[in-house]
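> My structure is below; once you've seen it, I'll send some questions.
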Amino acid sequence: MRPGRCLTFCLLMAGPASAQDAGFDPSTLDLPALIECRADVQTYNVFAFWLAAETDTSSTLGWQETESGNLFLKQYSLPAPVSVFGQETDTIAFTASGPMAVLDGISPAEMAQKLEITPAISTPEKFLGEKVVVDKTEEDGGMRFQTRISVNVSTVDSHPGKTLAGCSYSISMQEAE
């Protein structure tokens, strides 16, 4: 691991108090890159902490928070559609680990096939598939950092007829053996 990366990770875990503390500039947001897993964990975490910590982020970004009908999803309407995975959407949702595009007009099986994802569950009631794009372990200062980024396609009961496609970003830390 590069020197300072451990410190950066630890500071992110502490949760920055403001966008400036996080080093996040809202004008640099590349939402499609975050949704399509083209960003790294640090980039996503800086944005996610800013989004959670700042007040009035919706007006800063032009997003409108909307009711998702799901306790595990925080949903927003965008001021203009974005193109992700070759589809356009004006609705996104955040899970505990990353952003998802809420898509119309493509079935989860079609999206999974397009993204070369083999489904773990594929029934009329539920679809769930994942493709890991980064899975690496690094050690620094007696600590082991596990980084995992995966593209996900799923359905949820709260969004009938919709396909959710997006990215999950995670990093875990434990003592090295």
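Nothing in this text is a laboratory measurement; each read-out follows from the coordinates by a stated rule. Owing to the predicted nature of the structure, the values given are computational and were not obtained by experimental measurement. Neighbour counts are summed over all protein chains in view; Cβ atoms, including those assigned to glycine, are modelled from backbone coordinates with ideal geometry.
> Pairs on different chains or at least eight residues apart, Cα atoms closer than 18 Å: how many lysine pairs in the chain fit?
Details: Lys74/Lys162; Lys114/Lys131; Lys114/Lys162; Lys126/Lys162.
Total qualifying Lys-Lys pairs in the chain comes to 4.
> Sort out for me the Cα centre separation of segment 49-99 from segment 145-175, rounded to whole Å.
15
> Report, to the nearest 10°, how far helix 41-53 tilts away from the longest principal axis of the Cα atoms in the chain, using its own Cα long axis and a range of 0 to 90°.
80
> HN-Hα J couplings of segment 59-67 from phi, Karplus 6.51/-1.76/1.60, θ = phi - 60°, integer Hz, Gly and Pro as x?
Working through the residues one at a time gives 6, 4, 8, x, 8, 10, 5, 10, 5 Hz.
> Now, a different point. List the residues, sorted by chain then number, that are 5 or more residues from Thr66 or on another chain and whose placed amide H is less than 5 Å from its amide H.
Counting only residues 5 or more places away or on other chains, the set is Gln75, Tyr76, Ser77.
> May I pose another question? What list of ³J(HN,Hα) couplings, whole Hz, do you get for segment 83-88 from phi and the Karplus terms 6.51, -1.76, 1.60, once you set θ to phi - 60° and write x for glycine and proline?
Whole-Hz 3J(HN,Hα) from phi for segment 83-88: 9, 9, 6, x, 10, 9.
> Can you give the calculated 222 nm mean residue ellipticity of the chain, where each DSSP H run of n ≥ 4 adds -39,500 (n - 2.57) and the sum is split over every residue, rounded to the nearest 500 deg cm²/dmol? Please report the intermediate quantities before stating the final value.
Numbers: 6 runs with 44 residues, N = 177.
Value at 222 nm, helices only, nearest 500: -6500 deg cm²/dmol.
> Place a +1 charge on the Cβ of each Lys and Arg in the chain and a -1 charge on the Cβ of each Asp and Glu, then give the dipole magnitude about the Cα centre in debye, rounded to the nearest 20.
Numbers: 11 positive and 23 negative charges, 54 e Å.
Here the size comes out at about 260 debye.
> I would also like to ask the following. At a 10 angstrom cut-off on C-beta neighbours, averaged per residue, how do the peptides 27-37, 131-141 rank from highest to lowest?
Highest to lowest by the protection proxy: 27-37, 131-141.
> Can I ask one more? Rounded to whole Hz and in sequence order, give me ³J(HN,Hα) for segment 165-172 from the Karplus expression 6.51 cos²θ - 1.76 cosθ + 1.60, θ = phi - 60°, writing x for Gly and Pro.
9, x, 10, 10, 10, 8, 9, 10
> Please go through segment 71-132 and write out the chymotrypsin sites (Phe, Trp or Tyr not before Pro) that DSSP classes as loop and that have at most 14 other C-beta atoms within 10 Å.
The qualifying sites are Phe72.
> Can you give me the angle between helix 5-14 and the longest principal axis of the chain, using Cα atoms only, in degrees from 0 to 90, rounded to the nearest 10?
60
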